[in-house]
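To start, the structure under review is shown below, and the notes come after it.
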């Protein structure tokens, strides 16, 4: 019996033409797509009061060829000098390259590029081949006062790549993407910063074949941007992966680093424990390209034992129950799960659709048992590590979740989530094509402030009629977690979007959330940074900035708030 | 049947007279003593070629009343100002107090005080009552350019308290030793820095009674100085406790801090995870009083479940076996043991005497089984946490140790060690009374350099005839560990001692050890710091120093190497 599936929008299913704006803002692989399934499509129409007729014609698609009106502001002799340093093939001042390497993955950038409005661009893209090139480039730029922005994988969602003051963009993932050394005794690997997530993880997973190792390893770092972000980017923006509750975040994982700064070059020592004063290795983490250029990093690696992974999922009767269970789990001293994620009622509602639970017998059972829609909360996760360790972690988690009234719903939803986790971002283009904006903001939070932050941010987002707000917590510590807000609305206007986004950031900060848990600061949340940290702490960061980069050539124009005017700051 | 025990030296068994030099340098409680047992006494005579006749007469005992020739260099109006700020009862310029608060627990200081040679002293001891006092004091000292040294528990073994430039010493443990707040939801506690180890741990262990908590907690930090060191001291010197392999070191444990510096005051935010640029909270850790004064700290705490502790001890056939097993354990992904300690053959030999194993059936069995003296190595430890977690950790450790040929010798030696661990330092006075020097130096090390560092440092120490060198590793990471060298020699002369000590530090640094794993830098190893970190990293620390303390009033005179002349540095 064939079901009548009704109208399906003409979701774009072909790669953007090379050279177009769309080829820049589109997420991920040019050939990668994830279209809303029927359930999600019906939901979108319902939530936003839209009908099939609203999905007949696409809005701005950005299919035009890139042109860029901003003249190259470097002098010919300066360009010649860069050519001398890296070779002719390793510089480019084409409109397309200039724009591409100045663009990250924010909604604002995508909205602009759809309309053919280029963002602030660099004057030249330079592809250093090795750290000697980097040293010469930084030295020359410092002398000539040419701004330098560093490009890793290009997945910044904080305007980290925007070249407010022009200058050059240094693309690290073109050549500087090699493994420099591997030390199985110390369980470390040293890489150049431009190595991308999949290449990095694949080398480690296949260490016996690729590195002559005895065992297989994992980097333990799986941000949603995994496929399109670089190890260097993870480090300088303080990234945190989906398994960070067990493996730690980048701040924990990076043992030592080598930097080239206008003030000189250095490599920190790789002792796992040391009491020799403030740790310069850690001072550099989170510097977002404003202190200097990361040219190599030594990272902790972990035994790769996927055969020991134990998956679990639960439905909680309420959000309060899910939060209380999570807190008890993370404070339980039996080891942490790797992936752990609790979704609030609105996200749960959507997730049951997206992870293939709605419409299955599981869904009937949970509804029958009284786990009611818009109150019930989904929890998914997995434990990694040694076999008995993961068995015990899962056992304890089950026990605690049951105590809070949760029902175990197998590991099936986790498998679905694992399968979809890097694909979900592709959905953005389809929604945007029909004027639906989807975006995220996130914050670190202590346990005692979680509900307040959640309620107050939701309150703001939901105060705009017809706006979806889904929230989850996905990075856990005994002292707290993060809240990740996904908001979806029918919204096309850049100014309206910006005002809305600013309102959310402001509400997060005022409600006691950190300005970012793992996206970083960039030029997007930096106007709030001084209010957030206080002037005295900003002054500490500024003192470091002044030391490393006295001429403010490194990622200038607002990153980390170093060179904002008073009127550009939020008070 | 009464055994003839032979001659026993007249070990000092009475508290030093108040006001004497001895009352300053003696470790711990005035009434606390631990005398060498018979086995150790016989060993000492044998090792150092001494006879009973050498233990008839004590050398310098430091029983003279303290006098101090250094005039008070503060002006009367300055002293009046301090009196105004903290009240008359909270300042002192007596010779005794000036010396006491300028003295730590190094061998050099003890040697000098035994001979009545005062170290470099402050001009006034000030006891702030609260952070407002601290703010006024720092502000006034900054205006008047009066040096400020901060005193926590007084257990520094790095000359951290030596007042090279005079000025005031601020004693934090007199009044500023309170619990400020307790947050069971977040599992954190906020304390003033002067709270001492036992008070801190006792409040946490008795949290239901003392803080109205639901559970009992532990701070998880047990340095050997535990009884006579302060929480603030632990933080600013980057301390590491004997259970750090599980609970982490102070760098890991401190969530946020409040500082008063010449450049202003601030309190860092207490998010457990955040991506808002370089972390000022961490920048302050290890600053050893050179940036400003710590006035409160929020620390992570842990569930206290001593009923789940599982102890274990092993004898390994060789040091190589013990090291390899340790590495496999720490890289095993089943959770870390809390206490874990492997002793090299020379320390094992001594430990079997001291921990009551030599002369017991266990000793006969291990010798019979071919674990030969001066090759065999002792391993002791315990697992803490949730019940099934500790069971699994111990099980895995047993399995790995057996694989490397080790024999399980019950948890008995660990209990003995636990009982003696805070008492052992008392033995120093007895040895020193008869001209035997005992001291320690320690280093962080990566696994791949452990044997080289061990061999080369031993080689240097043992090149001096009649010198005992015992080594253990006691803080473990998947990437490496520490080496803790204990050296004992018949040595009275301060200059000979200093030359010997310098030689060891130099050898540690040149052999690829970190300059300190957990003692800190102070004014003792600071001459090597620039060589160790490199000029570029020292310049980063100096930039911070200049920002926080432009007039160099905070712990000046060599701490962290900030104000050393070129000829004072080791190249």
The stretch B:91-221 - Rg and Dmax from Cα coordinates, angstrom | 17.5, 53
Whole-Å semi-axes of the stretch A:526-568's equivalent ellipsoid (Cα gyration tensor) = 17, 13, 7
Looking at the protein assembly as shown from every direction and averaging, what is the projected area of its Cα convex hull in nm²?
-> 47.8
Run through the other copies and list how far each one's label point is from that of residue A:408, in nm with one decimal, shortest first; the point sits 7 Å from Cα along Cα-Cβ.
-> 2.9
Given the C-alpha centroids of the stretch B:198-247 and the stretch A:59-101, what is the distance between them in whole angstrom?
-> 58
Take the Cα gyration tensor of the stretch B:186-327, multiply each eigenvalue by 5, square-root it, and list the three semi-axes largest first, rounded to whole angstrom.
-> 29, 21, 15
Inter-copy label distances at residue A:51, 7 Å along the Cα→beta-carbon direction, one decimal in nm, shortest first?
-> 11.5
Within a 10 angstrom radius of each residue's Cβ in A:538-545, how many Cβ atoms of other chains show up on average? Whole number is fine.
-> 6
Cα centroids of the stretch A:390-452 and the stretch B:354-430: how far apart, whole angstrom?
-> 45
Taking the alpha carbon gyration tensor of chain B, what are the square roots of 5 times its eigenvalues, largest first, to the nearest whole Å?
-> 37, 30, 23
Roughly how tilted is helix A:38-47, in degrees to the nearest 10 and between 0 and 90, from the longest Cα axis of chain A?
-> 90
Report, as a whole number in µm² per second, the diffusion coefficient that Stokes-Einstein gives for the stretch B:2-76 at 20 °C and 1.002 mPa s using the Kirkwood radius over alpha carbon pairs.
-> 139
For peptide B:254-266, how many partner chain Cβ atoms fall within 10 Å of a residue's Cβ, on average?
-> 2
Which angle between 0 and 90 degrees, to the nearest 10, do you get for helix A:450-462 versus the longest principal axis of chain A when only C-alpha atoms count?
-> 90
Label point 7 Å beyond Cα along the C-beta direction, distances from residue B:67 to other copies (nm, shortest first) = 9.5
Longest principal axis of chain A (C-alpha) makes with the long axis of helix A:494-510 (C-alpha) an angle, in degrees to the nearest 10, of 80
What's the average, rounded to a whole number, of partner chain beta-carbon atoms within 10 Å of each residue's beta-carbon in A:475-481?
-> 6
Just rank A:202, A:526, fewest to most, by other beta-carbon atoms within 10 angstrom.
-> A:202, A:526
Ordered by packing density, taken as the mean number of other Cβ atoms within 10 Å over each peptide's residues, highest first, how do A:296-306, B:56-66 rank?
-> A:296-306, B:56-66
If each residue's Cβ is checked for other Cβ atoms within 10 Å, how do B:280, A:138 rank with the fewest at the top?
-> B:280, A:138
Sort B:258, A:53 so that the residue with the fewest other Cβ atoms within 10 Å of its own Cβ comes first and the one with the most comes last.
-> A:53, B:258
Would you please report the Å³ per residue occupied by the convex hull of the alpha carbon atoms in the stretch B:355-486?
-> 151
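Since every read-out is calculated from the coordinates, none of them should be taken as a lab result. Everything numeric in this text was worked out from a predicted model, so none of it was measured. In this analysis, Cβ positions are derived from the backbone assuming ideal geometry, glycine residues included, and neighbour counts consider all displayed protein chains.
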